[in-house]
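The values are calculated or read from the model by the stated rules, or taken from the named source; none is laboratory data. Keep in mind that what you see is a predicted model, and the values were worked out from it rather than measured. Counting neighbours? That spans all protein chains shown, and the Cβs are built from the backbone with ideal geometry, glycine included. What goes into the accessible areas is simple: the full protein's heavy atoms, side chains included, and nothing from ligands, DNA or RNA. Shrake-Rupley method; radii C 1.70, N 1.55, O 1.52, S 1.80 Å.
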Amino acid sequence: MTTKRPLYATVLMYLALAGYLIFLGFPLLWLLSASFKSTRELNSLAVNLIPQQWDFGNYIAALERQNLITAAGNSVLVSIVTMIVAVLLSMPMAYALARLKGRLRAAGTVWILVSQVFPTILIIIPLFLVLRSLQLNDTLFGLILVYVTFTMPFTLWMLQGYVAAIPPELEEAAEMDGAGRFTILRTVILPLLMPGLVATAMFTFVSAWNEFFLALVLIQSPELYTLPIALRSFLGAEGQTQLGPLAAGAILATIPSLIIFGILQKKLTGGMLAGAVKG
């Protein structure tokens, strides 16, 4: 028998949720407000969320002077390819790691943990020299290879956790019904793993989309800049920042990632038990 939640508990729960949403959304609202403020108003450091005078020139300046469209295309290409390759490579390894027993699984787990705590700055020079010897420095293909390498350990860690949560009894039941290994993976494991795949894909995409340091070192050609590098160019001489165009560029930089999230989130909660039904 379920007990009805008291009214005050429901009110407190929604108030806490509203406060949390405001806490998360306020920086974005402030950035959106700054993107429409004039340079004079921004330099005055006036604390007001609504601009005193709406200035749409920041968006024009961001698109014209810093070539954000090309940078956005590069970021979309690099992030999507990194996401697809990392997830596809991690799926079979995550399944094997989750189902393995003994020392081999322990060795794989230790490798994942060690790779995550190793500072990137310690290997950036050898990495640059290796890519230069392969003639892959200052190329988007080389940047994708680096991103896949750096995101795969955590991607593998996430996926093996989702695979381990799937009961092995489902596979055993499918085997008793005469299903082969490939059929079990396709009709039982994959549908149950779909929410985990989507969540992992989102993480991989965001990691590649927001990455700055590796792209700064490995990419020198302006036509190959990703969005984080392009936004850095709003820093003028002697550290003077073009706040208005920078805010407008940051707002424009969030649009492609929001579109990708909108596409992926529809599959995040669907098909949780589809594999069990098919099996």
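Say we look at segment 260-278 and pick out the residues that are at pLDDT 75 or above and surrounded by 11 or more Cβ atoms within 10 Å (Cβ to Cβ); which of these is nearest to Pro27 (Cα to Cα)?
Within segment 260-278, the match that is nearest to Pro27 (Cα to Cα) is Phe261.
Out of all the residues in segment 27-43, which are modelled with pLDDT of 85 or more and loosely packed, with under 12 Cβ neighbours inside 10 Å?
Leu29
Of the residues Ile69, Ile112, Ile60, which single one is of a type in the set (Val, Ile, Thr) and out of contact with any helix residue (DSSP H, G or I) (no Cβ under 7 Å at 6 or more places or on another chain)?
Among Ile69, Ile112, Ile60, only Ile60 is of a type in the set (Val, Ile, Thr) and out of contact with any helix residue (DSSP H, G or I) (no Cβ under 7 Å at 6 or more places or on another chain).
Considering only segment 167-176, I want to know if a residue exists there that is open to solvent by 40 Å² or more (accessible area, probe 1.4 Å), in contact with a helix residue (DSSP H, G or I) (Cβ under 7 Å, 6 or more places away or on another chain) and under 15 Å from Ser79 (Cβ atoms).
Within segment 167-176, not a single residue is open to solvent by 40 Å² or more (accessible area, probe 1.4 Å), in contact with a helix residue (DSSP H, G or I) (Cβ under 7 Å, 6 or more places away or on another chain) and under 15 Å from Ser79 (Cβ atoms).
From Val206, Val217, which residue is in contact with a helix residue (DSSP H, G or I) (Cβ under 6 Å, 6 or more places away or on another chain), surrounded by fewer than 20 Cβ atoms within 10 Å (Cβ to Cβ), farther than 30 Å from Gly180 by Cα and modelled with pLDDT of 85 or more?
Being in contact with a helix residue (DSSP H, G or I) (Cβ under 6 Å, 6 or more places away or on another chain), surrounded by fewer than 20 Cβ atoms within 10 Å (Cβ to Cβ), farther than 30 Å from Gly180 by Cα and modelled with pLDDT of 85 or more holds for just one of Val206, Val217, which is Val217.
If we scan segment 130-152, do we find a residue that is among the β-branched types (Val, Ile, Thr) and over 22 Å from Phe203 (Cβ atoms)?
Looking through segment 130-152, at least one residue is among the β-branched types (Val, Ile, Thr) and over 22 Å from Phe203 (Cβ atoms).
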